[in-house]
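*Asks:* Quick one: this structure, given as structure tokens, is what I'll be asking you about.
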Amino acid sequence: MSDIVLDQLDGFLNRWLGKFVLTGKIKSVEVYELICKVESASEKQNSICRIFASGINAYQQQSWRDAIDYFNGALEMDHTDGPSLFYRTLAEKYQADPPAADWDGTVNLNKN
């Protein structure tokens, strides 16, 4: 969901998934995942969100090894966590072949 939708919701556990240029678009949007109501969130869900947030932060800072480690940590808690799998793959790609100097962390789905 976008930040515009998120601003209209209260009381939900969510996690920021990053900035994306969606297929066929030019302008980036911030995307969030709605997890559940805060009061029904499990400790595991809260932990995965915290670890993932650390991974995203490392990813944005181009600290690829740290990002991979954080995403692996989230995947140890839930091996089916799609966002962690997605970003771990990107971090591994960028570790081997770093992005351009002007890269701002935006995921361009027109290129991937």
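*Asks:* Taking neighbour counts of Cβ atoms within 10 Å as a proxy for exposure, in what order, fewest first, do LEU13, LEU22 appear? Kindly include the intermediate steps, with their values, before the conclusion.
*Replies:* Details: LEU13 17, LEU22 14.
Result, fewest neighbours first: LEU22, LEU13.
*Asks:* Sort 95-106, 38-49, 73-84 for me by packing, meaning the mean count of neighbouring Cβ atoms within 10 Å per residue, highest on top.
*Replies:* Per-residue Cβ counts within 10 Å, averaged per peptide and sorted highest first, yield 73-84, 38-49, 95-106.
*Asks:* Still on this structure, please answer the following. Can you give the helix-only mean residue ellipticity at 222 nm for the chain, where every DSSP H stretch with n ≥ 4 adds -39500 (n - 2.57) and the sum goes over all residues, rounded to the nearest 500 deg cm²/dmol?
*Replies:* Numbers: 4 runs with 51 residues, N = 112.
Value at 222 nm, helices only, nearest 500: -14500 deg cm²/dmol.
*Asks:* Over the chain, what is the percentage of antiparallel beta bridges among all DSSP beta bridges, to the nearest 5?
*Replies:* 80
*Asks:* When a/c reaches 1.5 or more, the comparison of a/b and b/c decides; with that in mind, is the chain rounded, prolate or oblate per its Cα gyration tensor?
*Replies:* In terms of gyration-tensor shape, oblate.
*Asks:* Further question on the same structure: Just add up the charged neighbours of ARG65: K/R +1, D/E -1, any other residue whose Cβ is under 14 Å from the Cβ of ARG65.
*Replies:* -1
*Asks:* Taking H placed 1.01 Å from N in the peptide plane, check which residues at least 5 places from LEU17 or on another chain put their amide H under 5 Å from its amide H.
*Replies:* When sequence neighbours closer than 5 places are left aside, the close amide H contacts are VAL31, TYR32, GLU33.
*Asks:* If you don't mind, another one. Tabulate in residue order the Karplus-calculated ³J(HN,Hα) for the range 21-27, using 6.51 cos²θ - 1.76 cosθ + 1.60 with θ = phi - 60°, rounded to whole Hz; enter x for Gly and Pro.
*Replies:* Here the 3J(HN,Hα) series is 9, 6, 3, x, 10, 10, 8 Hz.
*Asks:* How do LYS27, LYS19 line up, fewest other C-beta atoms within 10 Å first?
*Replies:* LYS27, LYS19
*Asks:* If the reach is capped at under 16 angstrom between alpha carbons, list the aspartates and glutamates near LYS37, excluding any in the same chain fewer than eight residues apart.
*Replies:* ASP7, ASP10
*Asks:* Of ILE35, SER54, LEU22, which is farthest towards the positive pole of the range 3-108's charge dipole, taken about the Cα centre with +1 and -1 on the beta-carbons of Lys, Arg and Asp, Glu respectively?
*Replies:* After comparing all options, I get LEU22.
Every number in this text was worked out from the coordinates using simple rules, so none of it is lab data. All of these numbers come straight from a predicted model, not from anything done at the bench. FYI the Cβ positions are ideal-geometry reconstructions off the backbone, even for glycines, and counts take in every protein chain you see.
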